[in-house]
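Structure first, commentary second.
The values are calculated or read from the model by the stated rules, or taken from the named source; none is laboratory data. Note that this is a predicted model, so its numbers are computed, not measured. Positions of Cβ are generated from backbone atoms using ideal geometry, with glycine treated the same way; all protein chains shown enter the neighbour counts.
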Amino acid sequence: MKRLENGQLIYILVRMQGYANVLLELFLSTMFERKDLELNKIYATVAACNQASIKLLEKFHFKLEGTYREHASLAEKEIEGN
């Protein structure tokens, strides 16, 4: 079984313009077309508060498989991750 993690970082000035959608679509199609990789899963980790990323991943049929508890912090504030 082989898996691959997806992640994207979109600069704040160009967020909400569809770039992540295009990048994720291209990434997924390319990775699953690569038979030499023998992938059966691509996963992503996203902060529970990042609703835009969650909606994007759901659009591409990603499913919630678990939630990290007290896993990360941002500016001294703990954030939950999916």
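From the set of residues in the range 61-82 that are of a type outside the set (Asp, Glu) and out of contact with any strand residue (DSSP E or B) (no Cβ under 9 Å at 6 or more places or on another chain), which is modelled with the lowest pLDDT? Ranking the qualifying residues of the range 61-82, first place goes to 77.
Reported count of residues in the range 34-66, each being in a helix (DSSP H, G or I), hydrophobic (A, V, I, L, M, F, W, C) and under 11 Å from the mean Cα position of the chain (by Cα), is 4.
Go through 21, 40 for me and flag whichever is loosely packed, with under 12 Cβ neighbours inside 10 Å and either touching a helix residue (DSSP H, G or I) at 6+ places or on another chain (Cβ under 7 Å) or modelled with pLDDT of 75 or more (or both).
Sole residue among the options that is loosely packed, with under 12 Cβ neighbours inside 10 Å and either touching a helix residue (DSSP H, G or I) at 6+ places or on another chain (Cβ under 7 Å) or modelled with pLDDT of 75 or more (or both): 40.
Results for (1) touching a Cys at 6+ places or on another chain (Cβ under 6 Å); (2) farther than 30 Å from residue 70 by Cα; (3) β-branched (Val, Ile, Thr), shown as yes or no for each residue.
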| position | (1), (2), (3) |
| --- | --- |
| 17 | no, yes, no |
| 23 | no, no, no |
| 31 | no, yes, no |
| 34 | no, yes, no |
| 37 | no, yes, no |
| 42 | no, no, yes |
| 46 | no, no, yes |
| 49 | no, no, no |
| 56 | no, no, no |
